[in-house]
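The values are calculated or read from the model by the stated rules, or taken from the named source; none is laboratory data. Note that the structure is a prediction, hence the values are computed from the model and not measured. In this analysis, Cβ positions are derived from the backbone assuming ideal geometry, glycine residues included, and neighbour counts consider all displayed protein chains. These accessible areas exclude ligands, DNA and RNA; they are computed on the full protein's heavy atoms, side chains included. Shrake-Rupley method; radii C 1.70, N 1.55, O 1.52, S 1.80 Å.
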Amino acid sequence: MSTNPKVKPINDIRSYIAALEAQGVMHRVKAEVDWKFELAHVSKVNEEQKGPALLYENVKGHTIPVFTSAFTTPERIAICLEQDPSLTMCQLSRKWMELTTKQMIKPTFVKNPPVMENIIPEEAVDLENFPAPWFYPDDGGRFFGTSGYLVTQDPDTGWTNLGTYRSQILGKNILGSQIISGKHGDFHMKKYQERGEKMPVAYVVGGDPILFLASSTLVSAQTDEYDVGGALRGRPIEVFKSDLTGLTLPANAEIIVEGWMDPEELMEEGPFGEYTGYYSGNKMKDYPKPVIRVKRIIHRTKPIFWSTTVGKPINDTHMVQSINRTATLWHDLETMKVPGIQSVYFPAAATGRFWVIASVKQMYPGHSNHVADAINGSTTGHYGVKGIIIVDHDIAADDMDRVWWALATRFDPKRSVQVINRGRSTPLDPGLPIEARDVVSRIIMDATTPYEWKNKPNEIFMDRAVLQKVSDRWNEYGFSGVSPVAEMIPRLTRPEVKKK
Ligand SMILES: Cc1cc2nc3c(=O)[nH]c(=O)nc-3n(C[C@H](O)[C@H](O)[C@H](O)COP(=O)(O)O)c2cc1C
């Protein structure tokens, strides 16, 4: 349920764009823009400057507009989540964690889904009729799927999975898909392979943007992302059952590509400028990918195409990874019942996945190690993380200036560092040799003052009463606006010891 009175409920890209417009963070590009490089270059430069979301209304050779930069600022993620736009990434992640730790909400099946308004039959399918961008000069072609997701179903249990796996156009009716080994789409594909059957699939563009956030989140196996989207919205997501593939699909999507994936049919795909800021470096012929043979495309009337620029930080990809990994790690630590967790944060600048910071209120010797060990063993933290930083409770995990201060003052490399030699890695990590990316090492940097120290360093604090006076007299000093002091008092003054 929305906590922001300015924003109407969001259930598709159109209502999300309207909400962004109401908040003044949406820009329509009227000039003609080329889908080859120019569109991505404009978006990237705009994102570097923390500019607004963009809707390209005049894409060369196309009538369909392209929406980019949906989530490049915390404000826009907050708007999508129907939360207060002033919340930080940490605060938004906490809300996410709280909502998804409560109760999942099943989707509602509707008749006459808007996405069925137009049906392009197999013989008329041409993926290049959609304004899929070509992002960077060394990319292998046009990528249809960046801000979208693949829908698959477990043939044994009926579990529906939504997974964001990028998709390149490989032919008029052929869409590639980079489903990295161990992802849920890969689980499903292997089951079809064992049965000797083709897998029904659908690639979705648009619809409620909460589903894109959910589909790029490490949700546990056998959990439908529609239920997660419902939990985040506080109401059911509207879906329908496809009469072609039998898959459960989002009713308000803009465009859905439907077809079958033969686990035995692999093709060269890529290269693609990855979120790491590098190409994977794999020889495309040695690393072929499964493909969708398209049987039909359904779309809303006047559809909107949605894309993200990927590439170097910070863009939508890093923001999405930052919020969803922060939220799921927080969720993991809550469900593991690790005490004292104040906040958790995967910085977007570190691509939203390789480094994580956790803040803890220490209650026993070794507590900070307990937190680091739990992160290392968690569903989210075991995969791709290279660095874990632990700070004390007085520092928020996303307050980078103070995280640096803790590393400068509460940290001794010999005492505070541990290196774990082997952890699960991602094949996209450019910090590892291209031919050896299965396993990565991991560093734990404990920037807390040890709980057991009897003689702790004496920290500088300010006088509470005088700070209160400064706050009260703020405007008398000639400063305008509301005094910022109240929010600072807990950090700048000695913690109050409650008298019994
Ligand atoms: C924009 C974006 C692009 C992504 N591209 C891929 C990709 O090409 N392949 C992949 O395996 N994961 C990719 N991911 C990460 C997955 O979406 C993420 O691991 C998610 O948990 C996968 O869904 P699953 O857990 O249901 O398998 C991408 C994430 C984002 C935000």
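One residue stands out among those in region 459-490 that are over 30 Å from A406 (Cα atoms) and part of a loop (DSSP other than H, G, I, E, B): the one that is most open to solvent (accessible area, probe 1.4 Å), which is E476. The residues of region 138-173 that are within 11 Å of the ligand (Cβ to nearest atom) and free of Cβ contacts under 8 Å to residues at least 40 places away in the same chain amount to a single one, Y165. Considered as a group, the residues in region 184-198 that are in contact with an Asp or Glu (Cβ under 8 Å, 6 or more places away or on another chain) and touching a residue at least 60 places away in the same chain (Cβ under 8 Å) include one that is nearest to S147 (Cα to Cα), and that residue is K198. Just one residue in the set P430, P413 is in contact (Cβ under 8 Å) with a residue 60 or more places away in the chain, surrounded by fewer than 19 Cβ atoms within 10 Å (Cβ to Cβ) and out of contact with any Gly (no Cβ under 6 Å at 6 or more places or on another chain); that residue is P430. Selection over region 323-357 of residues that are assigned to a helix (DSSP H, G or I) and over 18 Å from T379 (Cβ atoms) gives a count of 3. Only one of the numbered conditions (1) over 22 Å from G277 (Cα atoms); (2) in the same structural domain as Q342 (by TED's automatic domain parsing); (3) more than 26 Å from the chain's Cα centre (by Cα); (4) charged (D, E, K, R) is not met by E435, and that is (1).
There is no residue in region 233-242 that is within 12 Å of the ligand (Cβ to nearest atom) and in contact (Cβ under 8 Å) with a residue 40 or more places away in the chain. Just one of the listed residues (P155, P85) is more than 29 Å from Q23 (Cα to Cα) and in contact with a Lys or Arg (Cβ under 9 Å, 6 or more places away or on another chain), namely P155.
For region 283-291, the criterion of being more than 10 Å from the ligand (Cβ to nearest atom) and either touching a Phe, Trp or Tyr at 6+ places or on another chain (Cβ under 7 Å) or more than 21 Å from I179 (Cβ to Cβ) (or both) is met by none of the residues.
A quick yes/no check of all residues on (1) more than 12 Å from the ligand (Cβ to nearest atom); (2) open to solvent by less than 20 Å² (accessible area, probe 1.4 Å); (3) under 26 Å from E238 (Cβ atoms):
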| residue | (1), (2), (3) |
| --- | --- |
| K106 | yes, no, yes |
| E117 | yes, no, yes |
| V125 | yes, yes, yes |
| N129 | yes, no, no |
| L175 | yes, yes, yes |
| G185 | no, yes, yes |
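Of the strands (runs of 3 or more DSSP E) lying entirely inside region 1-78, the ones with 3 or more residues being surrounded by fewer than 21 Cβ atoms within 10 Å (Cβ to Cβ) are found at 26-29.
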